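Mind having a look at this structure? Questions to follow.
Just so you know, all these numbers are worked out from the coordinates, no wet-lab data involved. Every value quoted in this text rests on a predicted model; they were computed, and no experiment measured them. For neighbour counting, all protein chains shown are included, and Cβ atoms are generated from backbone atoms with ideal geometry for every residue, glycine included.
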Amino acid sequence: MATHPDLAAEQAYIDRAYDSLEQARRTATRLRSMVEVGKGGTEQARWEREMIEENIAARLDYLNLGDSSLVFGRIDQARSEGGDSYYIGRIAVADESQEPLVVDWRAPVAEPFYRATGRAPMGLVRRRHFATRGRKLLGIEDELFGEGADLLGGGLAVSDDGTKVRGQSSLIAALEESRTGKLSDIVATIQGEQDEVIRSELAGVLVVQGGPGTGKTVVALHRAAYLLYTYRFPLEGQGVLVVGPNRLFLGYIERVLPSLGEAGVELAVLADLVDHVRVRGRDAPATARIKGDARMSRVLAKAVRDRERPLRRPLRVPYGVQTLVLPPERTAEIVADARRRYRLHNAGRRFVESQLYAALAEVSRVPTTPEEVRERARLAPEVREALERMWPVLTPAQLLHDLFGSRALVDLAAGKHLDSDERAALARPRADDVDAVVWTHDDVPLLDEARALLGPRSRRRRSNGDAPDEIRTYGHIVVDEAQDLSPMQLRMLERRSLNGSMTVVGDIAQATGVWAHQDWDDILEHLPQRRPEQRAELSIGYRIPGPTMALAARVLAVAAPNLAPPDSVREEGDEPRVIPVDSSTTGDLVARVAAVAAEERDAVDPGSVAVIAPATLVDEVAAALEAAGIEFGRAARNGLESVVTLVPVSLVKGLELDAAVVVEPAAIVDEEAQGMRALYVALTRATKRLAVVHQRPLPEPLR
């Protein structure tokens with residue numbers, strides 16, 4: 001590939017593109033000096049300067065490639081299509097005459113680079129792939145279509161139907177690169193089935209099923225970048241949200257969208273979407289299962305209604321020389337009227353107050369007005385207590401804290417919806433201060449449901465000018481690892497969809513949580529249904545070597561017998577090592593794990609190694625790694641920044657590393673809610689080498 005006759009000419013073209021990119025950066029920077037506003041500038045001038053500064057900053061972000069390559073391919077059209085050539089790259093670059101040198105990979109004209117096949121060449125005679133490192137061109141690979149095979153020569157004639165890999169040499173070279181602890185984009189090596197997902201229509205919910213190594217996560221992120229390019233208005237204003245399963249995962253994917261020129265996308269876990277609470281840890285599986293059940297929406301709705309109560313006894317309010325007496329029946333009328341008028345609980349409080357003061361004015365023997373009653377009685381303990389009983393203003397945390405802290409309130413709200421054991425599982429000790437409560441990740445969708453029922457406490461704007469504490473919606477939402485989300489978590493996401501546009505990706509075979517779903521229908525019923533959903537499947541595995549996938553497929557056959565493993569592009573690779581430990585002591589097991597981790601580290605140097613352990617062995621494996629003098633990081637604390645990273649099996653989903661050491665498969669199967677699926681996930685994280693270290697008998701599929 002390095003001896004291609006066009007190598008020098010193409011290198012010169014790439015150099016010219018980089019020079020133009022640098023000139024564009026200088027031009028954008030120079031604009032700043034042209035809009036400087038001195039001390040005497042007007043408010044309008046300062047506002048204009050801020051807008052220009054914002055645009056310049058966005059432009060400079062777009063033009064900043066970092067270490068990424070600018071150009072990765074070229075397409076040549078047939079004479080019948082105009083005979084033009086286009087260089088495809090990460091961003092669009094033009095020369096001094098504004099003639100395009102590089103076309104953004106998301107532009108319509110670039111689509112044939114990813115989609116053309118022998119049967120459907122899309123007007124191409126040649127597709128050229130560049131192997132680059134930064135601005136240096138390392139090699140060229142040509143694919144020829146139709147007349148190009150006769151006229152151009154010197155390349156591979158394309159005659160397939162679109163199921164084969166495009167630019168295989170470039171793809172394999174990219175796959176063989178060592179992992180850095182951060183997910184890389186695949187913009188240079190996107191394959192046909194991936195591109196179909198990326199360029200799917202914006203409207204509606206798109207579900208993408210993909211096995212390990214098919215690139216579903218990175219495809220979903222590229223789709224977000226493509227949608228922002230294609231539908232800049234209105235998406236830029238509406239916002240795009242990417243939701244991941246945990247913070248380790250967000251740290252792993254955080255560089256992909258900025259590398260594609262899109263730095264404004266919000267990355268979040270579900271806990272980030274609720275305000276004013278602290279979230280840490282998870283509930284016991286039984287409790288987590290109940291809190292995720294869709295029935296909890298009815299329980300919480302009833303809990304809110306239970307806080308909208310008429311008085312049991314007459315309200316007596318001292319008022320000058322008389323006492324105003326309001327019968328309970330009148331307070332019942334006020335509460336019933338407020339329920340009819342207001343969908344959000346907190347929004348009805350002012351109405352209840354006004355009606356209470358009006359009712360008190362009506363029973364006065366001396367003519368008076370509601371306003372006068374308010375002024376004279378609003379601080380009276382009797383009035384304040386009455387309002388707090390009839391219609392308290394609540395935060396989501398206050399509602400749940402009161403509810404879970406009282407078995408009587410739980411029974412009242414959940415009696416028709418949950419059985420006795422389920423109600424008991426919701427109980428938690430009441431704290432002295434609700435602000436001191438640390439909520440679990442399983443509480444998050446309940447807090448959000450409560451916010452949706454209660455509404456903000458005040459319609460007034462905050463002191464910083466922001467809108468009241470209301471639920472923000474987004475023009476498009478990307479959800480990764482969706483197969484584990486509970487109905488209540490899915491409701492939380494549906495609530496944030498402005499128009500029903502979502503990309504939902506995952507793998508049913510990797511559903512390992514307490515709410516592991518058996519098919520996508522169970523998930524879709526809780527997501528927006530304003531338009532018919534679209535479905536796609538990624539069937540080709542790019543990341544995992546054939547021998548590793550063959551071993552994992554044996555586990556898949558038991559874990560999810562109705563699902564087929566992806567077809568591996570990389571048929572060759574190192575055979576997985578299965579290493580028994582004859583001793584019966586845990587110390588000998590973890591010592592052997594440390595030794596194997598060192599072996600794998602040396603074998604993939606300078607690549608990365610994950611030591612994947614069941615929760616009960618994580619601390620002992622950590623001690624063994626320390627005793628062996630192996631530098632390592634803990635995934636929950638350090639991400640994947642270290643060469644060797646100790647990862648609990650519960651956090652490893654979605655990650656990829658060069659080598660993996662899977663510790664005690666039998667313990668993984670026993671401890672995880674979906675044990676065999678969790679083992680399948682653990683076995684499919686490595687791009688090069690896999691070692692399995694065990695002391696207990698292996699699960700049946702691995703024997």
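For the stretch 226-294, what is the charge dipole size about the Cα centre, in debye to the nearest 20, if Lys and Arg each add +1 at the Cβ and Asp and Glu each add -1 at the Cβ?
Working: 8 positive and 8 negative charges, 61 e Å.
Computed charge dipole of the stretch 226-294: roughly 300 debye.
Rank Y13, A58, A110 by how far each Cα sits towards the positive end of the charge dipole of the chain (+1 on Lys, Arg Cβ; -1 on Asp, Glu Cβ) and give me just the farthest.
So the residue we want is A58.
Among 203-216, 656-669, 425-438, 66-79, how do they line up from the highest to the lowest mean number of other beta-carbon atoms within 10 Å? Numbers along the way, then the final one.
On the way: 203-216: 23.6, 656-669: 25.9, 425-438: 13.0, 66-79: 19.4.
Sorting 203-216, 656-669, 425-438, 66-79 by mean packing, highest first, produces 656-669, 203-216, 66-79, 425-438.
Could you order the peptides 179-189, 313-323 from most to least packed, using the average number of other C-beta atoms within 10 Å per residue? Spell out each step's value before the answer.
Numbers: 179-189: 19.9, 313-323: 13.8.
Ranked from most to least packed, the peptides come out as 179-189, 313-323.
Follow-up question, since we're still on this one. List the trypsin sites (Lys or Arg not before Pro) in the stretch 97-128 that DSSP assigns to loop (not H, G, I, E or B) and whose Cβ has at most 15 other Cβ atoms within 10 Å. Which are they? Write down the numbers at each step before the final one.
Numbers: sites: R106, R115, R119, R126, R127, R128; in loops: R106, R119.
The qualifying sites are R119.
Grab the DSSP H runs of the chain that are 4 residues or longer, score each as -39,500 (n - 2.57), total them, divide by all residues and round the 222 nm result to the nearest 500 deg cm²/dmol. Walk me through the numbers on the way to the answer.
On the way: 28 runs with 285 residues, N = 703.
Result for the chain, helices only: -12000 deg cm²/dmol.
Treating only the Cβ atoms of Lys and Arg (+1) and Asp and Glu (-1) as charged, compute the dipole magnitude of the stretch 308-390 about its Cα centre; round to the nearest 20 debye.
On the way: 17 positive and 12 negative charges, 58 e Å.
That gives the stretch 308-390 a dipole magnitude of about 280 debye.
Would you work out which of W47, P310, L538 lies farthest towards the positive end of the dipole of the chain? Charges go on Cβ: Lys and Arg +1, Asp and Glu -1.
P310
Suppose each label sits 7 Å from its Cα in the direction of the beta carbon; what would the D421-I579 distance come out to in nanometres?
Between D421 and I579, the label points sit 4.2 nm apart.
Given that compact globular proteins tend to follow 2.2 N^0.38 Å, what is the ratio of the alpha-carbon Rg of the stretch 253-393 to that value? Provide the component values of the computation, followed by the final result.
Values: Rg = 22.9 Å, N = 141, 2.2 N^0.38 = 14.4 Å.
Compared with the compact-globule rule of thumb, the stretch 253-393 sits at 1.59.
So if I average 1/r over every pair of distinct C-alpha atoms in the stretch 546-702 and take the inverse, what Kirkwood radius in Å does that give?
Values: mean 1/r = 0.0651 Å⁻¹.
Roughly 15.4 Å, rounded to one decimal.
Ranking request for peptides 343-350, 3-10: highest mean number of other beta-carbon atoms within 10 Å first, then the rest in descending order.
Working: 343-350: 17.9, 3-10: 12.6.
Going from most to least packed, we get 343-350, 3-10.
Using unit Cβ charges (K, R positive; D, E negative) and no other charged atoms, how large, in debye to the nearest 20, is the dipole of the chain about its Cα centre? Mind showing how you got there, number by number?
Numbers: 91 positive and 105 negative charges, 649 e Å.
That gives the chain a dipole magnitude of about 3120 debye.
I've got another one for you. Taking 32 Å as the cut-off for C-alpha to C-alpha distance, list the pairs among K216/K302; K136/K216; K136/K182; K291/K653 that go past it.
Values: K216/K302 40 Å; K136/K216 29 Å; K136/K182 23 Å; K291/K653 23 Å.
Cα-Cα > 32 Å for K216/K302; rest within.
Using +1 at the Cβ of each Lys and Arg and -1 at the Cβ of each Asp and Glu in the chain, identify which of A332, V504, A603 lies farthest towards the dipole's positive end.
Of A332, V504, A603, it is A332.
I'd like the trypsin sites (Lys or Arg not before Pro) in the stretch 578-666 restricted to DSSP loop residues with at most 16 other Cβ atoms within 10 Å, sorted by number. Intermediate values should be presented prior to the final figure.
Working: sites: R592, R601, R634, R637, K653; in loops: K653.
Of the trypsin sites (Lys or Arg not before Pro), not one in the loops of the stretch 578-666 has a Cβ with at most 16 other Cβ atoms within 10 Å.
Give the Cα extents of the stretch 308-390 along the principal axes, in whole Å, largest first.
39, 24, 20
While we're on this one: Which aspartates and glutamates does K416 reach when only Cα atoms under 20 Å apart count, and residues fewer than 8 places away in its own chain are ignored?
Reachable aspartates and glutamates: D293, D306, E308, D402, E449.
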